[in-house]
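Take a look at the structure below.
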Amino acid sequence: MKRILQDLSQNELEALILSLGEKKFRAGQIFLGLMQGKRISELNIPPLLRETLLKSYEDEPVRIAETLVSREDGTKKYLFRLSDGNLIEGVLMHYKYGNTQCVSTQVGCRMGCKFCASTLGGRVRDLTAGEILCEILAVNRSEGGTLKARAVTNVVLMGSGEPFDNYENVVKFLRNLTAEEGLNMSARNISLSTCGLVPEMKKFISEGIPLNLTVSLHAVTDAERARTMPIAKKYTISEILGACSDYFEKTGRRYIFEYTLISGENSDTAHALALAKLLKGRPCHVNLIRLNAVKERNLLAAEEQEARKFLETLEAQGISATLRRSMGSDIGGACGQLRARYMEQGADDIE
Ligand code: SAH
């Protein structure tokens, strides 16, 4: 496989261009083009340099293979094809305050959560920093955004994969995404969701990237959590809460818990009260979402009414919480659903 030019920061690109015997300004020109979502073959540079780059670097590391638009809410779901033929997916959701893109960080996932479609085939490989960035560059371009007026205003690392299971590439991606000379996205507009890899959560604090740290909790005791999330056998809820406290102390940013409501599993009032007790007094917010049922798993979504009751119970206990709308459910909005469907059909059907 060729290398990915979008892995490089502007400084690294400069060093590369100088090493090829070219002038420094070419690096700035190339960087600008790439950040606009251009392919190497589309860059307005001397043909010889273009050829040299194309020998070692992928022309288009991430290509939009298919776009599905939800009739319910305009949410767009993208199927991306990587240069090695692997498929990943992403989502663009339109909100009043802007457009949020959900990106994948791995091809597949090895965390094994019972409710999630991304993990059905295990982890195939990690994405590089540049491939994750290219998901955004491709969507921004396709939505008519530019470097200055971005169509993608917010990014969540909540697509397929466990970001902290691909730590180095994800941190590099975050540095490139927030770099002033590039897309210049504020860390405040970025959320990273983890299933709770405690050592990496702690390590991340020292990176100095004050994004919105989100943890997939989905249960109130370790034993119950282990029923749907294998990682619970490795790290306890108490260790996770400890890492969250450290994060708040260092960054001053409140943290967020994701709690997917699964019927008969974690969604009754007793669970709501136990969750409130667990989180009382903490600078956190709870995002509730009804399970987006995955057909390969026999778990059911909590009823709408039960979900609302859960929310009210949390709020009555003084916990800040929202019940998120499940967006794009008509187009397989949940993690890994679209890719799973295509893998079933045979990926060769799509271009
Ligand atoms: N690995 C990371 C990020 C990817 S999952 C993590 O675990 O947080 C992103 C979020 O989507 C998680 O909160 C996950 O629990 C949730 N999720 C996955 N499948 C879902 C489904 N079928 N219905 C609702 N939420 C789901």
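The values are calculated or read from the model by the stated rules, or taken from the named source; none is laboratory data. In this text, all values refer to a predicted model and were calculated from it rather than measured experimentally. All Cβ positions, glycine included, derive from the backbone under ideal geometry; neighbour counts span all protein chains shown. Remember, those area values only see protein heavy atoms, side chains included, never the ligands or the DNA or RNA. Shrake-Rupley method; radii C 1.70, N 1.55, O 1.52, S 1.80 Å.
The set of residues from segment 189-229 being of a type outside the set (A, V, I, L, M, F, W, C), more than 13 Å from the ligand (Cβ to nearest atom) and more than 15 Å from Asn154 (Cα to Cα) comprises Pro199, Lys202, Lys203, Ser206, Glu207, Gly208, Thr221, Asp222, Glu224, Arg227. The residue of segment 119-142 that is least open to solvent (accessible area, probe 1.4 Å), among those that are away from the ligand (no atom under 15 Å from the Cβ) and among the polar types (S, T, N, Q), is Asn140. Under 24 Å from the mean Cα position of the chain (by Cα) and either surrounded by fewer than 17 Cβ atoms within 10 Å (Cβ to Cβ) or within 16 Å of the ligand (Cβ to nearest atom) (or both): is that true of Glu304 in this structure? Answer is no for this residue. The number of residues in segment 101-118 that are open to solvent by 10 Å² or more (accessible area, probe 1.4 Å) and either more than 11 Å from the ligand (Cβ to nearest atom) or in contact with a Lys or Arg (Cβ under 7 Å, 6 or more places away or on another chain) (or both) comes to 4. Here Ala293 meets each of (1) outside any loop (DSSP other than H, G, I, E, B); (2) closer than 22 Å to Ser193 by Cβ; (3) aliphatic (A, V, I, L, M) with one exception, condition (1). For segment 1-51, give me each residue that is of a type in the set (Ser, Thr, Tyr), free of Cβ contacts under 8 Å to residues at least 60 places away in the same chain and surrounded by 16 or more Cβ atoms within 10 Å (Cβ to Cβ). Matches in segment 1-51: none. Scanning segment 82-98 for residues that are surrounded by fewer than 19 Cβ atoms within 10 Å (Cβ to Cβ) and either in contact with a Ser or Thr (Cβ under 9 Å, 6 or more places away or on another chain) or more than 24 Å from Asp126 (Cα to Cα) (or both) gives His94, Tyr95, Lys96, Tyr97, Gly98.
Yes/no matrix, rows are residues, columns are (1) under 21 Å from Ile319 (Cα atoms); (2) assigned by TED's automatic domain parsing to the domain that holds Ile190; (3) open to solvent by 40 Å² or more (accessible area, probe 1.4 Å):
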residue	(1), (2), (3)
Ala223	no, yes, yes
Arg227	no, yes, yes
Gly242	yes, yes, no
Ser245	yes, yes, no
Gly252	yes, yes, yes
Tyr255	yes, yes, no
Glu258	yes, yes, no
Ser263	no, yes, yes
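On the given criteria, is Gly37 touching a strand residue (DSSP E or B) at 6+ places or on another chain (Cβ under 7 Å) and in a loop (DSSP other than H, G, I, E, B)? For Gly37, the condition - touching a strand residue (DSSP E or B) at 6+ places or on another chain (Cβ under 7 Å) and in a loop (DSSP other than H, G, I, E, B) - is not met.
Residues in segment 60-72 that are surrounded by fewer than 16 Cβ atoms within 10 Å (Cβ to Cβ) and part of a loop (DSSP other than H, G, I, E, B): Arg71, Glu72. Applying the condition of being open to solvent by less than 20 Å² (accessible area, probe 1.4 Å) and among the β-branched types (Val, Ile, Thr) to segment 157-178 and asking which residue is farthest from the ligand (Cβ to nearest atom) yields Val171. Checking every residue in segment 135-146 against the condition of being free of Cβ contacts under 8 Å to residues at least 12 places away in the same chain and not acidic (Asp, Glu) gives at least one match.
List the number of the failed condition for Arg325; all other conditions in (1) open to solvent by less than 70 Å² (accessible area, probe 1.4 Å); (2) of a type outside the set (S, T, N, Q); (3) under 30 Å from Tyr247 (Cα atoms) hold. Against the list (1) open to solvent by less than 70 Å² (accessible area, probe 1.4 Å); (2) of a type outside the set (S, T, N, Q); (3) under 30 Å from Tyr247 (Cα atoms), Arg325 comes up short only on (1).
Checked against (1) in contact (Cβ under 8 Å) with a residue 40 or more places away in the chain; (2) among the polar types (S, T, N, Q); (3) under 21 Å from Ala149 (Cβ atoms), Ser56 passes all but a single condition, namely (3). For segment 281-296, the condition holds for at least one residue, the condition being that it is small (Gly, Ala, Ser), over 24 Å from Asn166 (Cα atoms) and modelled with pLDDT under 95.
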